[in-house]
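The values are calculated or read from the model by the stated rules, or taken from the named source; none is laboratory data. As the structure is a computational prediction, the values presented were derived from the model and not from experiment. Glycine gets a Cβ as well: all are built from the backbone with ideal geometry, and neighbour counts include every protein chain shown.
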Amino acid sequence: MDKKTVANHPAREIAFLAVKNFWESGVFSQHILKQWEKSANPSSADYRFAQELCYGTIQRDLTLQHIIKTLVQRHSLKLKEKVILKLSLYQYFFMPNVPNYAIANEMVSLAKKYCHFTFANFLNAILHKINDRKLTIAESNDLESLSSYYSYPVFLIQELLKNYGLDTTKYILEWANNPSLYMARIRNSNASMDGGYRLTHTEPMLVIEDNTKITQISMNSDFYIQNVTSVELLSELSNHMPLLPKKILDLCAAPGGKALWLYDKFFPQSEIYCYDASLTRLTKLKDNLKKYNASIQILSLEDLDNSKHFFDLIVIDAPCSNSGVLNKRPEARWRITKEHLDQQILLQTELIKNAIEKLTDNGAIWYITCSILKKENENLLQDIIKNSPLEITWQKTILPNREGWDGGFGALLTRSKTVVNSP
């Protein structure tokens, strides 16, 4: 979908186009939202409304399907009709500040534009039947009920239950349906805190309370938009390093947050290099390194294959299920299947094996994911060390919480024999 297609459309229509495109062709909704932002320059309020409606409707798809079954006997709806109905119901049940009349008027008008008039009439009748905007789905602990109530694939819920038990699983499922909290790492201690408040943990962080300030803060090189979980894991990994690394490679570097942290932490004592296999993401990485004036060299695949390149530290921020950041990535939950997870584990294993070949004799690997599934983290590393020269020196899982922390995992792999599991 090009910029002309999304220009000058109202927020609800953009949400409709983004959700429909995702279910039709897998296009991430953020892609269309960003096109709209650039071409139409909507107000901050309109953009946030479209984003919430779009993300929430995708995230809550199974819940909305359940509601539809209780309201509608007709089962032959076309995709565009289903999307308009789900967008309408999401506003009714999950956006309490939106008036009933606004939902009905705007969504029926949208139906008239994109669907047959009989569906517009049908939608109007359905929306006027809804008197109580309180969600009345009965909560139960069997898999199908948890799947409908919280709106996640059964397979993902099974994995979480195996890893964490029922109570923690329900907490995680509830958390990931709430909007994410934006944070930024403070690179300059004298930077203005306008737009948020300072959070001092392992390192100083800015919690961004005013979402209208996000773009402004992201353009300021005194800050880097980054969650405290990422900074916490990097800081603890650094603290457990046996030696100062002289030569560092960030192997899956884009968009550059970890590379910039490495630069702020280790430069100029250490040489820092970056690599990313995605050309699109590599462009973003180059832009960020230039923006933050970071003296970091980007390597090509040919450079990596050069036998002269060996590193004291290789950082692998591995592609994963994103199960620790599902509130930020609305489409991610629907990709989590056994087949997809198996593919990710093969890729993660290959990345670690390739990294071992580029380590110096006393080198170390930082293995990091934004996953909270043990198959991608602890279990994978246990399999790796059975047939490699590495040991797990330190590892930690952080579960998402109400304070805005993402879920994530970090491990230090060295040739050491000491193993520490952090609480």
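Could you list, in sequence order, all residues of region 375-384 that are over 18 Å from the mean Cα position of the chain (by Cα) and closer than 13 Å to Gln344 by Cβ? Write out each step before concluding.
Going residue by residue through region 375-384, those that are over 18 Å from the mean Cα position of the chain (by Cα) are 375, 378-384.
Lys375, Asn379, Leu380 - these are the residues of region 375-384 that are over 18 Å from the mean Cα position of the chain (by Cα) and closer than 13 Å to Gln344 by Cβ.
Note on region 293-320: residues that are aromatic (Phe, Trp, Tyr) and either modelled with pLDDT under 95 or out of contact with any Leu (no Cβ under 6 Å at 6 or more places or on another chain) (or both) amount to 1. Taking residues in region 238-249 that are more than 13 Å from Thr360 (Cβ to Cβ) and assigned by the TED database to the domain that holds Tyr275, and partners anywhere that are outside any helix (DSSP H, G or I) and at pLDDT 95 or above, the pairs with Cβ atoms closer than 6 Å and at least 6 places apart or on different chains are His240/Trp394; His240/Leu412. Only residues that are touching an Asp or Glu at 6+ places or on another chain (Cβ under 9 Å), farther than 20 Å from Ile352 by Cβ and crowded, with 23+ Cβ neighbours inside 10 Å were counted across region 239-260, and they come to 1.
Contact map, region 27-45: residues that are free of Cβ contacts under 8 Å to residues at least 12 places away in the same chain and not assigned by the TED database to the domain that holds Glu331 paired with residues that are among the hydroxyl-bearing types (Ser, Thr, Tyr) and part of a helix (DSSP H, G or I), Cβ distance under 7 Å, separation 6+ or inter-chain. Pairs shown: Glu37/Tyr47.
Do we have any residue at all in region 106-115 that's without any contact (Cβ under 8 Å) to a residue 60 or more places away in the chain and either under 26 Å from Pro179 (Cα atoms) or in the same structural domain as Arg333 (by the TED database) (or both)? Scanning region 106-115, I find no residue that is without any contact (Cβ under 8 Å) to a residue 60 or more places away in the chain and either under 26 Å from Pro179 (Cα atoms) or in the same structural domain as Arg333 (by the TED database) (or both), so the answer is no.
Restricting attention to region 131-163 and to residues that are within 22 Å of the chain's Cα centre (by Cα) and part of a loop (DSSP other than H, G, I, E, B), the residue that is surrounded by the most Cβ atoms within 10 Å (Cβ to Cβ) turns out to be Tyr152.
In this structure, is Glu391 charged (D, E, K, R) and within 21 Å of Met241 (Cβ to Cβ)? Answer is yes for this residue.
Among the residues of region 186-227, those identified as charged (D, E, K, R) and part of a loop (DSSP other than H, G, I, E, B) are Arg187, Asp194, Glu203, Glu209, Asp210, Asp222. Exactly one residue out of Ser230, Ser235 is in contact (Cβ under 8 Å) with a residue 60 or more places away in the chain, part of a helix (DSSP H, G or I) and small (Gly, Ala, Ser), and it is Ser230.
Answer yes if at least one residue in region 368-375 is surrounded by fewer than 21 Cβ atoms within 10 Å (Cβ to Cβ), over 14 Å from Leu313 (Cα atoms) and among the small types (Gly, Ala, Ser), and no otherwise. Taking every residue of region 368-375 in turn, none turns out to be surrounded by fewer than 21 Cβ atoms within 10 Å (Cβ to Cβ), over 14 Å from Leu313 (Cα atoms) and among the small types (Gly, Ala, Ser).
Take region 182-200 and flag every residue that is within 22 Å of the chain's Cα centre (by Cα) and either more than 19 Å from Ala259 (Cα to Cα) or in the same structural domain as Lys38 (by the TED database) (or both). Reasoning before the result, please.
First pass over region 182-200, keeping only residues within 22 Å of the chain's Cα centre (by Cα): 182-186, 196, 199.
Hits for region 182-200 are Tyr182, Gly196, Leu199.
The residues of region 335-377 that are under 30 Å from Gln59 (Cα atoms), touching a strand residue (DSSP E or B) at 6+ places or on another chain (Cβ under 7 Å) and not hydrophobic (A, V, I, L, M, F, W, C), listed by number, are Tyr367, Thr369, Ser371, Glu376, Asn377.
In this structure, Lys82 does satisfy being under 31 Å from the mean Cα position of the chain (by Cα), assigned by the TED database to the domain that holds Leu53 and of a type outside the set (Phe, Trp, Tyr). Scanning region 263-270 finds no residues that are within 15 Å of Cys252 (Cα to Cα), over 21 Å from the mean Cα position of the chain (by Cα) and in contact (Cβ under 8 Å) with a residue 12 or more places away in the chain. Of all the numbered requirements in (1) within 22 Å of the chain's Cα centre (by Cα); (2) surrounded by fewer than 17 Cβ atoms within 10 Å (Cβ to Cβ); (3) part of a helix (DSSP H, G or I), Pro179 misses one, and that requirement is (3). For region 25-56, the set of residues classified as among the hydrophobic types (A, V, I, L, M, F, W, C) and touching a helix residue (DSSP H, G or I) at 6+ places or on another chain (Cβ under 8 Å) consists of Val27, Phe28, Ile32, Leu33, Trp36, Ala40, Phe49, Ala50, Leu53, Cys54, listed by residue number.
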